[in-house]
Amino acid sequence: MPVRHFLTLNDLTTDELDRLLDHASKLKRSWRDGRVRDSLKNRVLAMIFEKSSTRTRVSFEAGMTQLGGAALFLSSRDTQLGRGEPIEDSARVISSMADAVMIRTFEHETVRRFASVASAPVINALTDDFHPCQLLADMQTYREHRGSIRGATVTWVGDGNNMCNSYINAAQLFGFHLNVACPEGYEPDRTMLAKAGNQVSVFHDPAEAAKGTHLLVTDVWASMGQEDEQAARASTFANYQVNEQLMSLAAKNALFMHCLPAHRGEEISVNMLEHPGSVVWDEAENRLHAQKALLEFLILGQLD
């Protein structure tokens, strides 16, 4: 069986994604019922971090433990990757000793090069271009609260960043329409927009983009590696805050999501995480369950 990787959502088919999310919810119910599952007993996940993390590290490490396996934390400061060893050399060695490798880094090319020679599944746990694991959690959360997202409208407010790119992928795979509200000069990748066609609409007025939407999503204005742009971005994005007023333009019973960490008073109003439509804490927890389903799929080749 050929090795399957998960570098973007496009590495899975729509049918596989649907089954994976169903399985994630099943694993969540089983875990809450206290049932023990050792499907990944004696399996090892190598976790490579070049970017800091809270949810990614805890969810993958806890997920492997809950499935009976183990996770190894590897930072670039503690491995030869941080001392100039070629990515391909590290990939061959690490993947020969682990059953899967998770990488959280800056350049997407790093993950792609690693996967090109790896003998075990490679998971993109975030790059500057994509964040597919977060989208699994987001899609699972929407399904659990509102059912199928097919035919719905989703509005992304903020930078055309890695999260936005993965939402563009999700729109095509899950069949929803995506409105992207961003300042001029911060639009998503043009090539991705061209491929998405009429599945994605770009607005420079967040109020216009939010009208009638079923899901409103945002992220911090300055991502990791953009800290020196914080002040300039705060000014540019000042009118792109998700708040109660913007939420009131959405459809009745619309949901709100944020991948966290959130900066209250910046990209969201102070009380937005407590808004009746907020499902942010369910979204955060679902990183754990969606990734457990992903690990079983990639390592065992099964979703049951």
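What pairs come up if the first residue lies in segment 84-109 and is in the same structural domain as Val44 (by TED's automatic domain parsing), the second is of a type in the set (Asp, Glu), and their beta carbons are under 7 Å apart, counting only those six or more places apart or on different chains?
The qualifying pairs are Arg104/Glu50; Thr105/Glu50; Phe106/Glu50; Phe106/Asp128; Glu107/Asp128; His108/Asp128; His108/Asp129.
Based on this model, can you work out whether Glu187 counts as charged (D, E, K, R), closer than 29 Å to Arg150 by Cβ and outside any helix (DSSP H, G or I)?
yes
Considering only segment 151-191, state which residues are at positive phi and either without any contact (Cβ under 8 Å) to a residue 60 or more places away in the chain or surrounded by fewer than 24 Cβ atoms within 10 Å (Cβ to Cβ) (or both).
Residues satisfying the conditions are Gly151, Gly175, Gly185.
Can you name the number of the only condition in (1) in contact (Cβ under 8 Å) with a residue 24 or more places away in the chain; (2) touching a strand residue (DSSP E or B) at 6+ places or on another chain (Cβ under 8 Å); (3) of a type in the set (A, V, I, L, M) that Leu273 fails?
Tallying (1) in contact (Cβ under 8 Å) with a residue 24 or more places away in the chain; (2) touching a strand residue (DSSP E or B) at 6+ places or on another chain (Cβ under 8 Å); (3) of a type in the set (A, V, I, L, M), Leu273 fails exactly one: (1).
Has segment 115-129 got any residue that is in contact (Cβ under 8 Å) with a residue 24 or more places away in the chain and among the acidic types (Asp, Glu)?
Within segment 115-129, one or more residues are in contact (Cβ under 8 Å) with a residue 24 or more places away in the chain and among the acidic types (Asp, Glu).
Output the number of residues of segment 117-140 satisfying the condition of being farther than 20 Å from Asp159 by Cβ, hydrophobic (A, V, I, L, M, F, W, C) and not in a helix (DSSP H, G or I).
4
In the list Asp138, Asp129, which residue meets the criterion of being in contact with a His (Cβ under 7 Å, 6 or more places away or on another chain) and under 24 Å from Gln291 (Cβ atoms)?
Matching residue, one of Asp138, Asp129: Asp129.
The values are calculated or read from the model by the stated rules, or taken from the named source; none is laboratory data. Nothing here was measured: the structure is a model prediction, and the numbers come from that model. Neighbour counts run over all protein chains shown; Cβ positions are idealised from the backbone, glycine included.
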